[in-house]
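Down below is the structure, laid out as structure tokens.
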Amino acid sequence: MAEELIISKGSRQDAYECLLPQITALISDETNVIANLANVSAALRQSFNFFWVGFYVVDSETELVLGPFQGDIACTRIKKGQGVCGTAWKEEKTIIVPNVDEFPGHITCSSLSKSEIVVPIFVNNFVKYILDIDSHLLNDFNETDSVYLEQLAKIISKQC
Ligand code: SME
């Protein structure tokens with residue numbers, strides 16, 4: 001297991017290229033889901049200094065529950081179809097929110113969060129986890145993030 005994270009100082013794409021193999025190595029020898037999701041959130045936050053990085057876990061047919069995360073305290077439960085996370089779960093697709101104030105039903109955990117990306121993680125064709133990343137900057141996420149975070153979702157789904 002890598003003990004020290006190497007962080008690229010290049011573009012965001014360079015940073016993902018540098019990070020994803022390290023995350024693969026970091027979680028490949030561990031089967032405990034909590035440990036792996038905790039380390040993935042820490043690695044993402046360390047690499048990009050995002051405001052909040054974490055996972056919600058499908059807890060029932062209708063509800064997500066907060067999982068491992070890095071950042072300020074957050075809402076514990078989110079219903080299917082509610083907020084960005086619940087919508088990404090229901091629609092089974094990545095959602096980029098350039099300005100959280102303009103997303104109908106956005107659930108505010110901190111007024112410091114300005115933009116957000118949410119990526120569903122599928123296990124056996126069903127959404128099992130939701131990766132949620134918040135930025136303190138407006139419009140901080142684009143297709144580069146969705147492409148690499150969806151690759152990350154596949155890495156996680158094999159190990160969690
Ligand atoms: N903003 C999210 C809620 C989770 S927090 O941002 C950590 C949403 O609307 O689903």
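The values are calculated or read from the model by the stated rules, or taken from the named source; none is laboratory data. Remember, it's a predicted structure, so these values are computed and weren't measured experimentally. Cβ sites come from the backbone with ideal geometry, for glycine too, and all protein chains shown count toward neighbours. Each accessible area value is taken on the protein alone, full model and side chains, heavy atoms only, with ligands, DNA and RNA left out. Shrake-Rupley method; radii C 1.70, N 1.55, O 1.52, S 1.80 Å.
Using the 1.4 Å probe convention, the accessible area of segment 12-159 works out to 49 Å² per residue with neighbouring protein chains retained. Put a plus charge on the Cβ of each Lys and Arg, a minus charge on the Cβ of each Asp and Glu, and nothing anywhere else: the dipole of segment 78-138 about its Cα centre is then about 240 debye. Protein-only accessible surface at a 1.4 angstrom probe places the residues THR31, THR94, THR108 in the order THR31, THR108, THR94, largest first. Other residues whose C-beta falls under 15 angstrom from the C-beta of SER11 contribute a net charge of -3, scoring Lys and Arg +1 and Asp and Glu -1.
The charge dipole of segment 12-159, taken about the Cα centre with unit charges on the Cβ atoms of Lys, Arg (+1) and Asp, Glu (-1), comes to about 260 debye, rounded to the nearest 20. The 3J(HN,Hα) values that the Karplus relation (6.51, -1.76, 1.60; θ = phi - 60°) gives for segment 31-46 are, in residue order, 9, 6, 5, 4, 4, 5, 5, 5, 5, 5, 5, 5, 5, 5, 5, 4 Hz. Gly and Pro appear as x. Express the carbon and sulfur contribution to the solvent-accessible surface of the chain as a percent, rounded to the nearest whole number, probe 1.4 angstrom. The value for the chain is 49 percent carbon and sulfur by accessible area. Computed over segment 12-159, the convex hull of the alpha-carbon atoms projects to a mean area of 7.7 nm². For segment 86-93, backbone phi angles converted through the Karplus equation (6.51, -1.76, 1.60; θ = phi - 60°) give residue-by-residue couplings of x, 6, 4, 5, 4, 8, 6, 8 Hz, Gly and Pro being listed as x.
Simple rule: put +1 on each Lys or Arg Cβ and -1 on each Asp or Glu Cβ in segment 1-53, find the dipole, and look at LEU5, PHE50, ALA15; the Cα lying farthest toward the positive end is PHE50.
Sequence gap of 8 or more, or different chains, plus Cα separation below 28 Å: how many lysine pairs satisfy both in the chain? So the count works out to 26.
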